[in-house]
Amino acid sequence: MRLVLDAMGGDHAPDAVVEGGVLFARAYPGHELVLVGDATRVRPVLERAGAPANVQLHHASEVVEMDDPATAAFRRKRDSSLRVGFALVRQGEASALVSAGNSGAVMAGGMLTLGRIPGVERPAIAALFPALKGNGRCLLLDAGANVDCRPSHLAQFAVLGEAYLRTRLGVQRPRVAVLSNGEEASKGTQLTRDASALLRRSDLDFVGYVEGKDLFSGDVDVVVTDGFTGNIVLKTSEGVGMGITGLLRSAIEKRGGLPEKLGALLLKPTLAGLRRVMDYAEYGGAPLLGLQGVGIVAHGRSSPRAIHNALVTALQHVRAGVQEELTRCIANAASWLPPHTRGRKAETEEVPD
């Protein structure tokens, strides 16, 4: 299998991205990795990292910056690493693309280059959260690709998320819910109420509304919301994870006594395990579900380890046959999804920045 890595995407590109790619290539020598980016900047990093023979460099002279307007930059910068990388996937020269760059541009690039699965209006970023029980994971989508959503979008997200969790992680019958400000049916907004009405007509295991705390409870497996809310939930959760670690360290240092230091020493393995569970780098990247191809969005601050794990996510996504199952499930959902959600081409639409 051949994977494409956007070497210029992310806050620490190209160094951290290239180093992460080399880590992956060494761990998976039976697969090829294509690094797409400015050769004058990428090649020195490759040489320092000692890249193995299964790493290739594909030159692209331009970069979609993190603060660029997503759609305009993707269209204007025709030789950007992101655009060239997506073209390799579209042409069948690679199975998936991973980028830690501008997530809006990844969304735009995926829609304009690969197109969408028939029946999908908007692809969604699917982010995994740790859960206390059940399957140990909860999938939230959309985590930031679509700020404004319609009820049909949320219903499609539910179909995509359910199929992904079942195919990729082996969850037999994922429980699906809509994120709201309370569990009662009277709560929420017009968007959540209309989306819930659609999902009650589906053959999914739809359990109704859940609150933010339920993402970590393990009582549900898939939670759908608009990208504005989902991104706030994602970033807040990251902040809480870092805050807990910092508060514990601060409390121990403030007390500074022998009992506290001994307790910290004894708890060190446990706290390290907790940190791994809460660390976004362990999850690597989030798939952009709904494209006619595989696109993985990595965190903008990705370390080499996070890039390595994002590439592993892409590899496993392709191996599991997720794309085929997403396509099948969206087609089957046409019996209850609104008719206007089918048959429109991404190339004729404006993609949100």
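Some observations on this one:
- Filtered residues of segment 67-88 (kept if open to solvent by 60 Å² or more (accessible area, probe 1.4 Å) and assigned to a helix (DSSP H, G or I)): Arg75, Arg76
- Counted residues, segment 165-186 - those being in contact with a helix residue (DSSP H, G or I) (Cβ under 6 Å, 6 or more places away or on another chain), within 24 Å of Val294 (Cα to Cα) and open to solvent by less than 20 Å² (accessible area, probe 1.4 Å): 3
- Note on segment 89-142: among residues that are over 16 Å from Leu289 (Cβ atoms) and among the basic types (Lys, Arg), the one that is surrounded by the most Cβ atoms within 10 Å (Cβ to Cβ) is Arg90.
- For segment 196-216, filtering for residues that are under 22 Å from the mean Cα position of the chain (by Cα) and assigned to a helix (DSSP H, G or I) leaves 4.
- Remark: pairs (first residue in segment 21-42, under 11 Å from Leu311 (Cα atoms); second residue in a helix (DSSP H, G or I) and open to solvent by 10 Å² or more (accessible area, probe 1.4 Å); Cβ separation under 6 Å; 6+ apart in sequence or on different chains) = Val22/Ala49; Leu23/Pro304; Leu23/His308; Phe24/His308.
- Counting only residues that are surrounded by 23 or more Cβ atoms within 10 Å (Cβ to Cβ) and at pLDDT below 95, segment 19-66 holds 2 of them.
- Positions within segment 143-157 being assigned to a loop (DSSP other than H, G, I, E, B) and either touching a strand residue (DSSP E or B) at 6+ places or on another chain (Cβ under 8 Å) or open to solvent by less than 30 Å² (accessible area, probe 1.4 Å) (or both), in sequence order: Ala143, Gly144, Ala145, Asn146, Cys149
- Condition check for Ala7: under 17 Å from Leu97 (Cα atoms), open to solvent by less than 10 Å² (accessible area, probe 1.4 Å) and touching a residue at least 12 places away in the same chain (Cβ under 8 Å): yes
The values are calculated or read from the model by the stated rules, or taken from the named source; none is laboratory data. In this text, all values refer to a predicted model and were calculated from it rather than measured experimentally. Please note: Cβ atoms are built from the backbone with ideal geometry, for glycine as well, and neighbour counts cover all protein chains shown. SASA here: full protein model, heavy atoms, side chains in, ligands and nucleic acids out. Shrake-Rupley method; radii C 1.70, N 1.55, O 1.52, S 1.80 Å.
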